[in-house]
Amino acid sequence: MRRIIDSSHSPEKKRPHIGHYGHLRKAYLESYRPDLYAALTASERLYEHCAEIEDAARSRLNIIIPRLAASVGATEALKAQDPMKWVGLMNACKAQAEEIVKFELIYD
């Protein structure tokens, strides 16, 4: 028995993984930039775009957080001396870095 393969139906491309920041970008586009959302969806680039935003956001966080931590004195010495203070400073640095990244990349 011969099978006829219909070339018009290619297997669906595997979607790239989008994490937290990619999902935030997708939700933002859907709610506040419907024209861009529709264009990315129609061109089948929405998930690729969101994955790129995810990667860019993670890269920026990896740059910003250590700089903020150094500027507020969240050092290894402080971590050994007063771990709770260090955790509080690091949490504040992470929150501030996330706000920067959201402003720069997600809600643009």
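The numbers here are math on the coordinates, done by the rules we state, and not lab data. Note that the coordinates shown come from a computational prediction; the quantities given were computed from them, not determined experimentally. Glycine also receives a Cβ, built like all others from the backbone with ideal geometry; neighbour counts cover every protein chain displayed.
Numbers below:
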| quantity | calculated |
| --- | --- |
| For Glu52, net neighbour charge (Lys/Arg +1, Asp/Glu -1) across residues whose Cβ lies under 15 Å away | 0 |
| For the chain, calculated [θ]222 nm from helices alone, where every DSSP H run of n ≥ 4 adds -39500 (n - 2.57) | -22500 deg cm²/dmol |
| Estimated inter-spin distance, Ala70 and His20, nm [label 7 Å along Cα→Cβ] | 2.4 nm |
| Length released on extending from Ala39 to Asn91, taking residue separation times 0.36 nm less the Cα-Cα span | 15.0 nm |
| Over region 13-67 - Rg/Rh using Cα atoms and the Kirkwood inverse-distance radius | 1.05 |
| Residue exposure sequence - Ile106, Ile100, Ile63 - by fewest surrounding Cβ within 10 Å | Ile63, Ile100, Ile106 |
| Descending principal axes extents, the chain, alpha-carbon based, whole Å | 75, 37, 17 |
